[in-house]
Amino acid sequence: MSRQYDVVVLGSGVAGGTIARRCKENGLSAAVVESGQPGGVCPLRGCEPKKVLADAAKAVTSLRRHHGIGVKGEAGLDWQELMRFKQTFVEPVPGAVAKSFEKRGVDLYLEPGVFTGPTTLRSGEVELEGRHVVIATGSEPRPLGIPGEEHIHSSTQFLELEKLPDQIIFMGGGYISFEFAYVAATAGAHAVILHRSQQPLKQFDPGLVDKVVAQYTEDGISLHVNAPVMSVERNHDMLTVYTGGENEAAFKAPVVVHGAGRVPSIAALDLPAAGVDASRHGVVVNEYMQSVSNPAVWAAGDVAEPDLQLTPVAVAHATAVAHNILHPDDMRPARARPTPNVLFSDPVLAGVGLLEEQAREQGLDYEVSQGDAAKWAECRRLGIRYAGYKILANPDTGHIYGAHYLGPHAEEVINIIALAMRHGVTTSELIDNVWSYPSFGYALRYMLG
Ligand SMILES: Cc1cc2nc3c(=O)[nH]c(=O)nc-3n(C[C@H](O)[C@H](O)[C@H](O)COP(=O)(O)OP(=O)(O)OC[C@H]3O[C@@H](n4cnc5c(N)ncnc54)[C@H](O)[C@@H]3O)c2cc1C
């Protein structure tokens with residue numbers, strides 16, 4: 001069977017789904033090819049289920065942090081009940097996504113897509129041809145290439161654990177390991193993070209990361225740096241993880257989780273058949289998210305050459321691709337905008353814009369406002385012992401280059417700063433704003449003053 005469309009999209013995640021719906025709503029025929037369940041990582045095995053677990057953990061740690069300041073009582077996580085609750089968010093997604101395509105007249109093909117030519121591909125028995133083909137196949141765990149790799153759980157398997165073991169090891173010191181370790185430790189497991197180099201959570205301010213690590217240590221989570229995992233061995237129900245480098249050691253746990261980075265999902269697409277250039281960072285695109293080697297092909301989301309692997313970034317790419325397909329005479333770049341990065345631990349760590357090291361490398365003239373936020377009344381009331389901030393701004397104009405904050409509501413405070421950065425709002429204008437009081441918006445005045 002052979003079918004022709006204006007737009008054929010590979011992948012039904014936030015990027016692919018957004019593009020197919022927008023193109024169809026604006027009069028183009030559109031099909032989506034999906035190799036797994038419709039919906040993609042974010043709602044099925046990423047942001048959404050993770051946040052259900054993190055929010056429950058936060059309810060517990062929040063109560064614990066209030067001990068000794070007037071609040072009594074114990075709280076804990078019931079893993080099985082929490083998993084059942086998490087499923088109520090995940091289970092409806094594939095059906096709802098499929099239905100939303102059907103309602104709009106977007107055809108859905110549920111077999112992996114493989115290119116057969118510059119604008120043709122195969123999904124199962126069906127040959128599809130698109131005037132435009134969009135690659136939005138997302139990312140997958142980085143292959144580790146170490147002995148015993150097959151024993152390691154993926155992040156998806158962690159989010160589906162029926163029973164939480166007493167000990168659990170997270171491989172890699174990125175945000176996924178840190179968030180999962182926080183949840184697992186709050187639920188009662190002894191969590192260990194093994195990170196191959198000196199600095200974990202590289203996208204965040206290192207001084208604030210030190211405070212996160214101090215909080216994690218108090219909460220019983222062990223971090224080992226310069227501890228690259230060399231191999232994993234199974235002995236009945238127990239795994240032994242061997243680390244090399246400066247820290248040759250053996251760690252034991254029944255479950256080891258891969259948090260050591262994700263790579264673009266391109267290996268199975270046969271990109272050479274379509275003449276689409278790719279690097280190990282993903283499909284190589286121009287500023288309009290169009291393949292540099294095949295102008296009929298576009299890429300969006302985690303699969304596109306390096307950009308932050310985050311849902312709002314995937315949505316920004318998708319918005320640009322849909323616009324550019326619909327308006328070839330008025331193409332718009334997928335503009336780089338200040339994009340917040342968040343670690344959903346307790347307290348939350350967030351950042352937007354440049355790290356101080358980057359500002360220095362770029363030779364910018366900047367001034368730094370930084371401090372310990374744990375002594376603010378706002379933090380003391382919540383029993384928060386580790387909090388802080390660092391703001392980098394132009395000393396003459398007050399325009400913000402970068403902002404980093406560890407503390408309550410950091411995910412929202414950083415949104416305010418991202419908006420200020422995008423619209424050129426200066427530090428003195430932020431200070432001058434009328435904020436509700438007491439609030440963490442008001443606390444911006446302490447950070448900027
Ligand atoms: C554990 C975890 C937590 C995360 N937490 C956050 C968070 O808190 N905030 C945030 O912003 N981001 C978070 N992310 C990242 C976010 O989920 C991704 O950036 C986002 O989902 C990328 O969307 P996408 O559309 O590019 O790809 P995806 O959502 O991955 O969709 C790609 C789709 O393509 C399909 N596919 C793959 N190969 C083929 C093929 N050959 N043919 C057809 N279909 C194919 C896949 O099955 C998938 O459904 C998290 C990710 C993980 C793993």
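The values are calculated or read from the model by the stated rules, or taken from the named source; none is laboratory data. What you are looking at is a predicted structure, and each value in this text was computed from that prediction instead of being measured. Cβ sites come from the backbone with ideal geometry, for glycine too, and all protein chains shown count toward neighbours. Heads up: the accessible areas ignore ligands, DNA and RNA and are worked out on the full protein's heavy atoms, side chains in. Shrake-Rupley method; radii C 1.70, N 1.55, O 1.52, S 1.80 Å.
I'm told Asp302 meets every condition in (1) closer than 21 Å to Tyr175 by Cα; (2) charged (D, E, K, R); (3) assigned to a loop (DSSP other than H, G, I, E, B) except one. Can you identify the failing condition by its number?
Unmet for Asp302, out of (1) closer than 21 Å to Tyr175 by Cα; (2) charged (D, E, K, R); (3) assigned to a loop (DSSP other than H, G, I, E, B): (3).
Can you name the number of the only condition in (1) charged (D, E, K, R); (2) touching a helix residue (DSSP H, G or I) at 6+ places or on another chain (Cβ under 7 Å); (3) closer than 23 Å to Glu149 by Cβ; (4) surrounded by fewer than 16 Cβ atoms within 10 Å (Cβ to Cβ) that Asp302 fails?
(4)
Give me the pairs: first residue in segment 365-392 and part of a loop (DSSP other than H, G, I, E, B), second residue modelled with pLDDT under 95 and not aromatic (Phe, Trp, Tyr), beta-carbon distance under 7 Å, and six or more apart or on different chains, which are they?
Filtered contacts from segment 365-392: Ile384/Pro347; Tyr386/Pro347; Ala387/Pro347.
Could you say which residue among Ala250, Ala268 is surrounded by fewer than 20 Cβ atoms within 10 Å (Cβ to Cβ), among the small types (Gly, Ala, Ser) and assigned to a strand (DSSP E or B)?
Checking each option against the conditions leaves just Ala250.
Residues being assigned to a loop (DSSP other than H, G, I, E, B) and more than 19 Å from Pro438 (Cβ to Cβ): count how many of those fall in segment 393-409.
Looking only at that region, the number is 6.
Name the strands (runs of 3 or more DSSP E) wholly inside segment 102-167 in which the number of residues that are more than 16 Å from the ligand (Cβ to nearest atom) is 1 or more.
Fully inside segment 102-167 and qualifying: 126-135.
Cβ contacts < 8 Å: first residue hydroxyl-bearing (Ser, Thr, Tyr), restricted to segment 145-164; second residue not in a helix (DSSP H, G or I), any location; separation 6+ or different chain. Result?
The qualifying pairs are Ser154/Pro141; Ser154/Val257; Ser154/His258; Ser155/Gly46; Ser155/Pro141; Ser155/Val257; Ser155/His258; Ser155/Gly259.
Can you tell which of Leu164, Leu110, Leu121 is closer than 30 Å to Val255 by Cα and in contact with a Gly (Cβ under 9 Å, 6 or more places away or on another chain)?
Leu164
Could you count how many residues in segment 15-59 are of a type in the set (Val, Ile, Thr) and in a helix (DSSP H, G or I)?
4
Of everything in segment 168-178, what is open to solvent by 10 Å² or more (accessible area, probe 1.4 Å) and either assigned to a strand (DSSP E or B) or within 26 Å of Glu91 (Cβ to Cβ) (or both)? Give them in sequence order.
Scanning segment 168-178 gives Met171, Tyr175, Ile176.
Every residue in segment 423-449 that is crowded, with 23+ Cβ neighbours inside 10 Å and not in a helix (DSSP H, G or I), please.
Ala443
Which of (1) within 16 Å of the ligand (Cβ to nearest atom); (2) touching a residue at least 40 places away in the same chain (Cβ under 8 Å); (3) surrounded by fewer than 21 Cβ atoms within 10 Å (Cβ to Cβ) does Ala274 not meet, given it meets every other one?
Condition (3) is where Ala274 drops out.
Six or more apart or on different chains, Cβ atoms under 9 Å: show the pairs whose first residue is in segment 5-21 and at negative phi and within 11 Å of the ligand (Cβ to nearest atom) and whose second is in a helix (DSSP H, G or I) and acidic (Asp, Glu).
Correct list of pairs: Gly13/Asp302; Ala15/Asp302.
Going through segment 325-337 one residue at a time, which ones are buried (at least 20 other Cβ atoms within 10 Å of the Cβ) and within 16 Å of the ligand (Cβ to nearest atom)?
Answer for segment 325-337, where residues must be buried (at least 20 other Cβ atoms within 10 Å of the Cβ) and within 16 Å of the ligand (Cβ to nearest atom): just Ala334.
How about segment 22-37: which of its residues are within 10 Å of the ligand (Cβ to nearest atom) and either at pLDDT below 95 or open to solvent by less than 10 Å² (accessible area, probe 1.4 Å) (or both)?
Val32, Val33 - these are the residues of segment 22-37 that are within 10 Å of the ligand (Cβ to nearest atom) and either at pLDDT below 95 or open to solvent by less than 10 Å² (accessible area, probe 1.4 Å) (or both).
Just checking, which of Ala403, Ala410, Ala393, Ala420 is open to solvent by less than 60 Å² (accessible area, probe 1.4 Å), touching an Asp or Glu at 6+ places or on another chain (Cβ under 7 Å) and closer than 19 Å to Pro340 by Cα?
Ala393
Of the residues that make up segment 179-194, is at least one open to solvent by less than 20 Å² (accessible area, probe 1.4 Å), farther than 18 Å from Val212 by Cα and within 16 Å of the ligand (Cβ to nearest atom)?
No.
Output the number of the condition that Val315 fails; it satisfies all remaining conditions of (1) open to solvent by 10 Å² or more (accessible area, probe 1.4 Å); (2) away from the ligand (no atom under 16 Å from the Cβ); (3) part of a helix (DSSP H, G or I).
Status for Val315: all satisfied but (2).
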